[in-house]
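Working notes, structure below.
The values are calculated or read from the model by the stated rules, or taken from the named source; none is laboratory data. Just so it is clear, the model here is predicted, and its values are computed rather than measured. Positions of Cβ are generated from backbone atoms using ideal geometry, with glycine treated the same way; all protein chains shown enter the neighbour counts. The accessibility values were calculated without ligands, DNA or RNA, using every heavy atom of the protein model including side chains. Shrake-Rupley method; radii C 1.70, N 1.55, O 1.52, S 1.80 Å.
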Amino acid sequence: ILRALDNTASSDPDMDDIWDSFNIDHRDRWTPGLVPDRENTIKYVDAVHEAILARIVETPLTPEHLYLYRYAIYHQNMHIESLLWCRQTLGYNKAVYNDAAFADALSAAPSTPGPSPMRAEDVVVSSGVYRIGMPNRDTHAAGCFAFDNEKPGFEIELDAFAISLTLVSNEEYKAFVEDGGYKRARLWSRGGKKWLASPQ
């Protein structure tokens, strides 16, 4: 945002390619010593964060700028989600945060999980013509935010189908696996069947 809108110079040109996933192969990202240590990384993140906050306060807000702010927030949230599931996959301990408000929220949360929530019945969606995706507006943030892969929207005719009102729980997923769900091709889409047939 700072470089695109304000022509701000790079804070560390040597690191530009390292932080740009288009310029570094995935396998090369694990090279020891490639990225700065934790202390310098946090300093860099904090400096950018403070500069962005100052820009929001000092610069008139335009629809284009609002779109970019939203884009940056949602994109960063995706990276945070990826970091969390990566930590879980690797079996790391739960991350410890220093933010006092977050710590208070954690201390107020129950220490043991409660009973599984009741599953809502599936709802039936009638057949008909439905709009998928978002309008391809040129007014940036005038409407609801959407990533570029959600635009342009289109209409499609669908047969009636049933779908759950809630997300799949870990308990339900476990039951699916134990019931042989990965061995029953009729439960999978064309792409899923191809994945099932590939060497794991």
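Quick notes on this structure:
- Under 5 Å, built H, 5+ apart or other chain: amide partners of Val125: Phe161, Ala162, Ile163
- When the solvent-accessible area of the stretch 1-77 is split by element, carbon and sulfur atoms take up 56 percent of it, the probe being 1.4 Å.
- Most to least accessible of Arg55, Arg184 (protein chains only, probe 1.4 Å): Arg184, Arg55
- Using the Cβ-Cβ distance between Trp30 and Ile52 with R0 = 30 Å, the FRET efficiency computed as 1/(1 + (r/R0)^6) comes to roughly 0.55.
- Residues whose amide H falls under 5 Å from that of Met134, counting only those 5 or more places apart or on a different chain, are Lys151, Gly153, with hydrogens built in the peptide plane.
- Separation of the Asn7 and Lys174 label points, Cα + 7 Å toward Cβ, nm: 6.0 nm
- Note on Leu68 and Asn149: the model spin-label points, each 7 Å out from Cα along the C-beta direction, lie 2.3 nm apart.
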